[in-house]
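Worksheet: one structure, shown below.
The values are calculated or read from the model by the stated rules, or taken from the named source; none is laboratory data. For clarity, every value in this text was computed on a predicted model and none was experimentally measured. Quick reminder, even Gly has a Cβ in these numbers, built from the backbone with ideal geometry, and neighbours come from all protein chains shown.
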């Protein structure tokens with residue numbers, strides 16, 4: 001089962017992973033209502049089960065209510081790779097300092113989970129692996145005992161961030177692994193994990 005972004009963020013939030021203020025809208029009027037509740041500026045994101053939304057016009061930024069209404073109308077009626085949006089996510093716009101990647105999947109060759117982190121967030125991890133493999137750190141885990149705290153700390157430190165940020169990321173990694181286990185997932189990832197100017201971190 002694949003999840004929309006809004007569904008994944010709701011799950012992350014239920015596990016204590018920090019997420020931005022957001023709301024799902026099915027119409028432009030609902031988008032305006034959500035934007036007023038969240039506060040401007042906001043990001044308008046198409047909810048489709050394919051990648052490449054940004055390049056296809058499925059992500060808009062809005063600084064005013066007029067821009068929210070206009071952007072929502074456009075995104076709601078813009079198919080992405082042939083798929084019509086199942087709604088739009090209205091989310092607070094964050095002032096990003098950095099974007100990183102966190103992911104967990106099954107390594108078929110090793111026969112166990114592999115946890116990966118990269119300082120190159122916001123792009124497909126496969127592209128980073130092909131172009132800059134040195135920017136990815138990974139650890140295999142024992143399927144019976146899962147990701148251990150010391151492993152999460154080691155991966156977080158590999159990102160070269162400050163002590164406080166590294167500790168936050170280690171905690172998020174442990175929670176993401178719990179999601180991976182509880183949902184019997186083939187893959188669980190946060191891409192990007194956003195670090196904003198005040199040091200806060202959001203999925």
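For the reader, a short list of remarks on this structure follows.
- Lone qualifier among 108, 160, 146, 122 - being within 17 Å of the chain's Cα centre (by Cα) and either without any contact (Cβ under 8 Å) to a residue 40 or more places away in the chain or at positive phi (or both): 122
- The residue of the stretch 14-39 that is nearest to the chain's Cα centre (by Cα), among those that are touching a residue at least 60 places away in the same chain (Cβ under 8 Å) and outside any loop (DSSP other than H, G, I, E, B), is 22.
- In the stretch 92-112, the residue that is surrounded by the most Cβ atoms within 10 Å (Cβ to Cβ) out of those that are within 14 Å of residue 188 (Cα to Cα) and either touching a helix residue (DSSP H, G or I) at 6+ places or on another chain (Cβ under 7 Å) or not assigned by TED's automatic domain parsing to the domain that holds residue 158 (or both) is 102.
- The stretch 49-74 - residue that is in a loop (DSSP other than H, G, I, E, B) and in contact (Cβ under 8 Å) with a residue 40 or more places away in the chain and, of those, farthest from residue 1 (Cα to Cα): 51
- Yes/no for residue 9 being part of a strand (DSSP E or B), outside the structural domain of residue 127 (by TED's automatic domain parsing) and in contact (Cβ under 8 Å) with a residue 12 or more places away in the chain: no
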